[in-house]
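This is the structure, below, for whatever I ask next.
The values are calculated or read from the model by the stated rules, or taken from the named source; none is laboratory data. None of the values given here were measured: they were computed from a predicted structure. Cβ placement follows ideal geometry from the backbone for every residue including glycine, while neighbour counts extend to all protein chains displayed. Keep in mind that these areas ignore ligands, DNA and RNA; they rest on the heavy atoms of the full protein, side chains included. Shrake-Rupley method; radii C 1.70, N 1.55, O 1.52, S 1.80 Å.
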Amino acid sequence: MPPYKLNINKKTVSVDAVDDMPLLWVLRDVLDLKGTKYGCGVSECGACTVLIDGRSVRSCQIAVSEAQGAITTIEGLAENGKLHVVQQTWVDLDVAQCGYCQGGQILSAVALLTAHPQPTDAEIDTGMSHNLCRCATYNRIREAIHHAAGMKSAAKGDAHAGA
Amino acid sequence: MPVLETPSTYAEKLAEYDAGMQALVAEIRGVTVPAATGASNMGRRSFLKKAVFAGGGLALLFTLDTRRARAAEGEAPEPHAETTTLNAFVRIAPDNTVTLYSKGPEIGQGIKTAFALIIAEELDADWKTVVVEQAPVNPKVYGSQSAGGSTSIPRGWDQLRQAGATARAMLIGAAAKQWGVPAAECTASESVVTHKPSGRRLTYGAVATAAAKEEVPDAKTLPLKARADYKLMGKRIGGVDNAKIVTGKPIFGIDVQMPGMVYANYTKCPAIGGKVKSANLDEIRKLPGVVDAFLLDGTGNPAEVMPGVAIIGQNTWAVFKAKAALKVEWDETGASQDSLTAAAAKAKEISAKPPTPQTNTGDVDAAFASGAKVVEASYEYAMVSHQQLEPENSTGWWHDGVMELWTPSQTADRGISQVAKLLGIAEEKVTIHQMRAGGGFGRRLSNDYLCEAAAIAMKVKGPVKLQWMREDDFAYDFFRAPGFHYLKGAVDKSGKLTAFQNHLVSFTAGGDRPVSGGGRSNNSFPTDMAPSTRYAVSLMPLKIPCGSMRAPTDNTQMWVAGSFLHELSVAAGRDHVEFLLEWINRPLAPVEAGRGGEGRIGFDPKRAAGVLKLAAEKAGWGKKLSPGQGMGIAFSFAYGGHVAEAVELSVDEKKKITIHNIVAVADIGPVVNMSSAENQVQGGIIDGLSTVMGLEIEVEKGRIQQTNFDGYPILRMKAAPKVEVHFIQSDFRPSGLGEPCLPPLAPALGNAIFAATGQRVRTMPFKRAGYSI
Ligand code: FES
Ligand code: FES
């Protein structure tokens, strides 16, 4: 297990871990970045979503030895203490219930909005299909994505909860 | 060192578990909600007093907060040195920061925010400067700290309002003294006391220290606000942990991290009830990153510790990998050999014979004989599993003769005595920290993972985090029981429902009652459906433990009742809403007993009719729909909430369903937080839809066949419909919402499919009948 050099949230870190340790557990147990969540370990739930070079990926499926590229976790999304627009929308629209899935949802939404700055509902369906929300906050997630895209939401029942 | 009994037979322990869960649910469902100045105030008043005057005790209470787990609360502000404690819920700092302690487990139902809002409303606190912290788990001070049965709000309502109101009165009293004016001339708003005649003002922060020395007023003498005067409640308020959630702060049970902590997983027999004969522990101990591996006998109670193998390692991955290499020979004597396919065949056999025993109200046979139309139908539903997104976990640390635990349980308060009994130590030697839970849905009413963590921590030096794999969550749940109903109903010439027969074939964990969650509740509506009613239950043994899942019993019973009522109204050729309204307003005398005893939130025909009518109106009931489209509607009263839901959909020739609209109308009294209430209803309905359409747990040879989400297709964004939510707010005492919003969805969906296709779906999940979404 050579020390692996990873680029995480714009910092290079050196990690001692067995080569097959998934990035998920490197983040959580070795680097103490707990925002990336374990949900299934088999690429089904998206709770472990991180961005690598801007694309959303399941960190439970990437071994530390293969974790190349610029990795962004939910802890690294805000810049200089200012929330990313997607994070801010999630707060403003009070999207979360238990909140467990939401770090992954936000990162998938960021990737979606990079690829489709004004996503249609169908693009949202596809872009968010990797992320389960057991509390089923899907109405709010959809609305928040439209909102973040600066589009007027197609959904009714606007939720504008102040923080 | 752990004092773990050698298991007695699993069957006995299963019965013990099931009886315990039934008692818990009965307690929850029977929760009495006294009037604001009712008898139970005594305890609360003395509690409020104690909270202030037993200074030392209270201070101690607050040193046991979660900061130790560093971590866990990340940036939780250190309470300000001069912060004043007014009672166990309210602390105020000189800079006017008001810290409110939320006593219940946050499992996604929004209670952390809701509890704080209720206190803040009566306290007249400035919400912008309110900080909300999780209260220590100490039921002696706080009363119930469980989350279940949608009872947090109705149970906490008086206690929290009074905590706010008494603190407010003390702040006003202290300010009035300082000014030398009568307290009656002073008022409070947004954390400031004002002397009306002179316009003088003092912030709460400025008078808090003096206020703490004020006599605690008798809560009964304090007027509580009328709904029209609410400044916070009923508004859209964002969750107090939102900023932490969106930035990935370590707030969940799974996030606990402590210096020197090791990690654990626990493997039990895939057929529950089995014991370890032998295991390759020596091999496992040699694996990289593994610290230790050992056996636990357990207590044999599935809600405590079953026999199994603990693997301890330096990180989660090392432990999970070692688990894959673990070879155990199990002794399955007495273990579950259940097969649900065999049970389904057996249920059919049972249904062929007249059921015994029966409960009869009225002359049922005569009523059937004189019925103008008689309908018979059988309904069945699958076993399902909770699968909250955060897999089970708890962290334990045995130190200084104290078992200290961090857990996302829904019943951490009960965990104290459970762990004490399990380990043979005094309850004072058990400290539990409540962590945010990544979902609950009733799964975390059981504390098995907490007990396992405690038993493992006794054998490990330093803190240890027990982490289940998702596969463990599938294999060891307290499942929603499957069931089979054989129904018969009659309507008279005028189309009125006159007779009803319900033969339920369910399961038992021993004894003569259905498993937890598998029966029929007596404080829901509809239960008994007609003037002449026959109810019968037949039971088959089941060793897989069953439990409470969101709206237990009602999540299945309301589907059966709500669908069959529609069959009857169709047979009678009547408009379903009109039929339901007539049925809601029928004389209730024969079924009233036990439903809503004194002080409980009982079924109210006016509230029921109110939500049903509004749902029909908002959904456009009766409007013309194209061929292939249909609308269904259903009502239920469950867990104190009156809710009606309507579904509009189309079904194509491949039985693929497209949902166009879902309308929900709920009357839960006053809404505490509109944003979270709406979110809860939308989520509950989509949760219901997910379960009705596609979820099923299969069991063969005692083994759960589904192992992860790939075999258990929880609904995703693509299939999630838009849900429109309305509330009829009223001055009735508030009900909870997590459960009441779920039951009407299934019958409304099934009725809509019938309206669209003429096909009645009588099996759940509907995918069994070929439907997809
Ligand atoms: S934990 Fe990676 S997809 Fe579920
Ligand atoms: S908010 Fe609970 S899983 Fe999404």
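What do you reckon, how do B:F732, B:F320 stack up by accessible area (1.4 Å probe), largest on top?
The ordering from most to least exposed comes out as B:F732, B:F320.
What distance in nm separates the simple spin-label points at A:V85 and B:K606, each placed 7 Å from Cα in the Cβ direction?
My value for the distance between the label points is 5.1 nm.
Oh, and also: So who's got an amide H within less than 5 Å of the one on B:V131, skipping anything under 5 residues away but keeping other chains? H placed 1.01 Å off N, in plane.
B:V98, B:T99, B:L100
Taking Cα pairs under 8 Å and at least six residues apart, what relative contact order does chain B come out at, in percent?
Averaging sequence separation for qualifying contacts and normalising by length gives 15 percent for chain B.
Then there is this: Compute the Rg/Rh shape ratio of region A:85-155: radius of gyration over Kirkwood radius, all on alpha-carbon atoms.
In region A:85-155, Rg relative to Rh is 0.90.
Distance between Cα centroids, region B:93-152 to region A:87-103: provide it in whole Å.
20
Follow-up question, since we're still on this one. Need one number for the protein assembly as shown: average projected area of the convex hull over its C-alpha atoms, nm².
The number I arrive at for the protein assembly as shown is 37.5 nm².
In the protein assembly as shown, what % of DSSP beta bridges are antiparallel (nearest 5)?
75
Kindly list the residues of region B:151-169 that lie in the label zone of B:T221, defined by a backbone N under 14 Å from the point 7 Å along the Cα-to-C-beta vector.
Those under the cut-off are B:166-167, B:169.
With axes computed from alpha carbons, what is the tilt in degrees of helix A:138-148 against the longest principal axis of chain A, rounded to the nearest 10 within 0 to 90?
90
Would you mind counting up the charge near A:A17? Only other residues with Cβ under 14 Å from its Cβ, with Lys and Arg at +1 and Asp and Glu at -1. Please list the in-between numbers first.
Details: positive: A:K5, A:R28, B:K321; negative: A:D16, A:D19, A:D20, A:D29, A:D32, A:E66.
Here the charged neighbours net out to -3.
Let me check the size of region A:3-74 from its C-alpha atoms; what are the radius of gyration and Dmax in Å?
10.7, 29
Here is the link list: A:K37/B:K461; B:K623/B:K654; B:K461/B:K543; B:K244/B:K767; A:K10/B:K286; B:K196/B:K244. Which ones come out longer than 29 Å on Cα distance?
Beyond 29 Å: B:K461/B:K543; B:K244/B:K767; A:K10/B:K286; B:K196/B:K244.
Sticking with this structure for a sec: Nearest 500 deg cm²/dmol is fine: what mean residue ellipticity at 222 nm does the protein assembly as shown get from its DSSP H runs of n ≥ 4 alone, each adding -39,500 (n - 2.57), divided by its residue count?
My calculation for the protein assembly as shown gives -9000 deg cm²/dmol from helical runs alone.
Under 13 Å Cα-Cα from B:K701, which aspartates and glutamates qualify once same-chain neighbours fewer than 8 residues away are excluded?
B:E332, B:D338
Can you tell me how region A:30-141 classifies by the Cα gyration tensor, rounded, prolate or oblate, using a/c under 1.5 as the rounded cut? Please report the intermediate quantities before stating the final value.
On the way: a/c = 1.35, a/b = 1.27, b/c = 1.07.
Here region A:30-141 falls in the rounded category.
Indicate the gyration tensor shape class of region B:203-324 (rounded, prolate or oblate), computed on the Cα atoms with a ≥ b ≥ c the square roots of the eigenvalues: a/c under 1.5 is rounded; otherwise a/b larger than b/c is prolate and the rest oblate.
Prolate, because a/c is 1.5 or more and a/b exceeds b/c.
Which distance in Å, rounded to a whole number, links the C-alpha centroids of region B:741-772 and region B:328-345?
Here the two parts' Cα centres lie 31 Å apart.
Another question, then. Please identify the helices of chain B, taking whole runs of DSSP H, that span at least 24 Å along their own axis as judged from the Cα atoms and have a mean Kyte-Doolittle score of -0.5 or higher.
The answer, listed by residue number, is B:10-29, B:152-179, B:554-571, B:674-694.
Kindly sort A:E75, B:E648 by accessible area of their heavy atoms, largest first, with the probe set to 1.4 Å.
A:E75, B:E648
I've got another one for you. With Rg and the Kirkwood Rh both taken from Cα atoms, where does Rg over Rh land for region B:706-773?
1.05
For chain B, what is the convex hull volume of its Cα atoms per residue in Å³?
157
Step through the residues of region B:397-407 one at a time and calculate ³J(HN,Hα) from phi using the Karplus curve (6.51 cos²θ - 1.76 cosθ + 1.60, θ = phi - 60°), rounding each to whole Hz and writing x for Gly and Pro.
Couplings: 8, 8, 8, 6, x, 10, 9, 10, 9, 10, 8 Hz.
Shifting gears a bit: Within 10 Å of each candidate Cβ there may be at most 12 other Cβ atoms; applying that plus a DSSP loop requirement, which trypsin sites (Lys or Arg not before Pro) in region B:616-669 survive?
B:K623, B:K624, B:K654
OK, next. Accessible area per residue, 1.4 Å probe, Å², for chain B: what's the number?
Values: 26310 Å² over 773 residues.
Roughly 34 Å² per residue, with all protein chains present.
So, one more: Do you know the relative contact order of region B:625-740, to the nearest whole percent, from alpha carbon pairs under 8 angstrom that are 6+ apart?
Value for region B:625-740: 35 percent.
Another question, then. So what does log10 I(q)/I(0) come out to for region B:349-428 at q = 0.16, 0.27 Å⁻¹, using the Debye formula with one equal point on every Cα and no solvent?
One equal scatterer on each Cα of region B:349-428 leads to -0.79, -1.38.
Pull out a ≥ b ≥ c, the square roots of the eigenvalues of the alpha-carbon gyration tensor of region B:263-384, then state rounded if a/c is under 1.5, prolate if not and a/b is larger than b/c, and oblate in the remaining case.
Numbers: a/c = 4.00, a/b = 3.56, b/c = 1.12.
Taking the square roots of the gyration eigenvalues as a ≥ b ≥ c, region B:263-384 is prolate.
Right, another one. At 1.4 Å probe size, what's the solvent-accessible area of B:V132? Round to the nearest 10 Å².
10
Enter the mean number of other protein chain beta carbons within 10 Å of the beta carbon of each residue in A:65-75, as an integer.
Across A:65-75, the average partner-chain Cβ count within 10 Å equals 1.
Suppose accessible area is computed on protein heavy atoms with a 1.4 Å probe; arrange B:T361, B:T533 from highest to lowest.
B:T361, B:T533
Okay, next question. How much accessible surface does B:S351 have with a 1.4 Å probe, in Å² rounded to 10?
40
Hey, another quick one. Can you give me the solvent accessible area of B:I251 with a 1.4 Å probe, rounded to the nearest 10 Å²?
Ignoring ligands and nucleic acids, B:I251 comes out at about 0 Å².
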